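> Take a look at this one; I'll ask things after.
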Amino acid sequence: MRFVTVNGVTIHHEIIGDPAKKPMLVFINSLGTDFRIWQDVADRLKHAFAILVYDMRGHGLSDIGGEASNIEDHADDLSGLLDHLSIGRAVICGLSVGGLIAQALYQRRPDLVRALVLCATAHKIGTPDMWNGRIRAVEEGGIESILDAVMERWFTLAFRSPENAAYAGYRAMLVRQPAAGYAATCAAIRDADYTTAAARIAVPTLCIVGDQDGSTPPDLVRSTATLIPGSRFEIIADAGHIPCVEQPDALSQTISTFLLTLDQEA
C-alpha cells in the first residue's frame, strides 16, 4: 500500500503501470466508496494507460482531515498528490462527487488536466435540504440508516439480488466508510455549484451516465454536457449510479473510444 501526506491529509493511493511510458489516467471514487470500485475498469484499460487510483479524504484508508472541507480542498488533495508523484497532464475521470472534484481540479490547476471524463455527475448535485437531511440521518443513525435507500440509487434492481455476492460486498463497503468522512463529503457536495464554471471548460470532455442512475439521472448529466463546450454525452445501458461496477466492459469501451479520439486529434 502507498500513502503520502498532502495538505495535512494522508492519502492512500495506487499506481498501475509506468507513467513515464504510457499516458496517465486518474480515477476518483464516489461518495461512500473507495478506489476499489475502479478495479474492473482499470484491469481493462491498463494495457494502454498508466492508472492512478486513490481514496479521497474521509474514505477508505485516507484521513478525514481536521476541519470542514469543500470540493476545492478535495481538488487540492489531488493536485498535491499529482505534484508529489511528478504526474503532469492526465485524463481525470471522476464518478459522482469525484466528477465535482475533477471539475474543481480543472478550475484550479488546468495545467494538470488533459481531458475530463465526468461519470454519473453534474455541475450541481442535489439540494441543500436533501444533503442536510442525509447528514442528519448519518449523524443520528449511522450510515446503516440510509443503506437501503442509497443502494436503490446506486444499482439496478437486477444487481440488487440477494444471491449476488458482489451486491453484499458493496453494501459492506458503504457501511464501513467513516461516518464523519461521509457526512463531511455530503456537506462539500451540498455547497458545490459549477454551473457557471462548466462553460469555461476548454479541454475534451466526456459525460457518461447509467440509464437507471437514481442519484444523477440521465437528464441531469445531459444538462451538464450542454453547459460544457464541445462535450460528448453517452448513456450506459443496464447501469445505475456506479457503472464501473455494473457494466465495466461498456464503460471501459466508452472511455477507451473517447481517449482514442484524443490521440487522433493530437
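> Output the residues belonging to segment 14-46 that are touching a Phe, Trp or Tyr at 6+ places or on another chain (Cβ under 8 Å), open to solvent by 10 Å² or more (accessible area, probe 1.4 Å) and not charged (D, E, K, R).
Those that are touching a Phe, Trp or Tyr at 6+ places or on another chain (Cβ under 8 Å), open to solvent by 10 Å² or more (accessible area, probe 1.4 Å) and not charged (D, E, K, R): Gly17, Pro23, Met24, Leu31, Phe35.
> For segment 208-232, which positions are closer than 19 Å to Ala115 by Cα and open to solvent by 50 Å² or more (accessible area, probe 1.4 Å)?
Within segment 208-232, Arg222, Thr226, Leu227, Pro229, Gly230, Arg232 qualify.
Matching residues to (1) surrounded by 20 or more Cβ atoms within 10 Å (Cβ to Cβ); (2) among the polar types (S, T, N, Q); (3) in contact with a Ser or Thr (Cβ under 6 Å, 6 or more places away or on another chain); (4) within 18 Å of Arg36 (Cα to Cα):
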position: Gln107; (1), (2), (3), (4): no, yes, no, no
position: Asp111; (1), (2), (3), (4): no, no, no, no
position: Ala120; (1), (2), (3), (4): yes, no, yes, yes
position: Arg136; (1), (2), (3), (4): no, no, no, no
position: Ser145; (1), (2), (3), (4): no, yes, no, no
position: Asp148; (1), (2), (3), (4): no, no, no, no
position: Met151; (1), (2), (3), (4): no, no, no, yes
position: Tyr170; (1), (2), (3), (4): yes, no, no, yes
position: Val175; (1), (2), (3), (4): no, no, no, yes
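> To continue, here is another question. For Ala239, which of the numbered conditions (1) crowded, with 23+ Cβ neighbours inside 10 Å; (2) more than 16 Å from the chain's Cα centre (by Cα) fails to hold?
(2)
> May I ask you to list the residues in segment 204-256 that are in a helix (DSSP H, G or I) and either modelled with pLDDT under 95 or of a type in the set (Asp, Glu) (or both)? Don't jump to the end; show me each part of the working.
From segment 204-256, those in a helix (DSSP H, G or I) are 218-227, 243-246, 248-256; that's our starting set.
Once the filter is applied, which keeps residues that are in a helix (DSSP H, G or I) and either modelled with pLDDT under 95 or of a type in the set (Asp, Glu) (or both), segment 204-256 yields Asp219, Glu246, Asp249.
> Moving to a separate point now. Mind counting the residues in segment 33-53 that are within 19 Å of Ala172 (Cα to Cα) and not polar (S, T, N, Q)? Reasoning before the result, please.
Taking segment 33-53 first, the residues within 19 Å of Ala172 (Cα to Cα) are 33-40.
Narrowing further to those that are not polar (S, T, N, Q): 34-38, 40.
So the answer is 6.
> Considering only segment 147-154, I want to know if a residue exists there that is closer than 26 Å to Thr224 by Cβ, without any contact (Cβ under 8 Å) to a residue 24 or more places away in the chain and small (Gly, Ala, Ser).
Taking segment 147-154 first, the residues closer than 26 Å to Thr224 by Cβ are 149-154.
Retained after the next criterion (residues that are without any contact (Cβ under 8 Å) to a residue 24 or more places away in the chain): 149, 151.
From what's left, small (Gly, Ala, Ser): 149.
Checked against the condition, which is being closer than 26 Å to Thr224 by Cβ, without any contact (Cβ under 8 Å) to a residue 24 or more places away in the chain and small (Gly, Ala, Ser), segment 147-154 yields at least one hit.
> Shifting gears a bit: Just one of (1) open to solvent by less than 30 Å² (accessible area, probe 1.4 Å); (2) assigned to a loop (DSSP other than H, G, I, E, B); (3) in contact with a strand residue (DSSP E or B) (Cβ under 9 Å, 6 or more places away or on another chain); (4) within 30 Å of Thr196 (Cα to Cα) trips up Ile64, so point out which.
(1)
The values are calculated or read from the model by the stated rules, or taken from the named source; none is laboratory data. Please read these numbers as outputs of a predicted model, since none were measured by experiment. Cβ: placed from backbone, ideal geometry, glycine included. Neighbour counts: every protein chain shown. The protein model used for the area step is the full one, side chains on, heavy atoms only, and it has no ligands, DNA or RNA in it. Shrake-Rupley method; radii C 1.70, N 1.55, O 1.52, S 1.80 Å.
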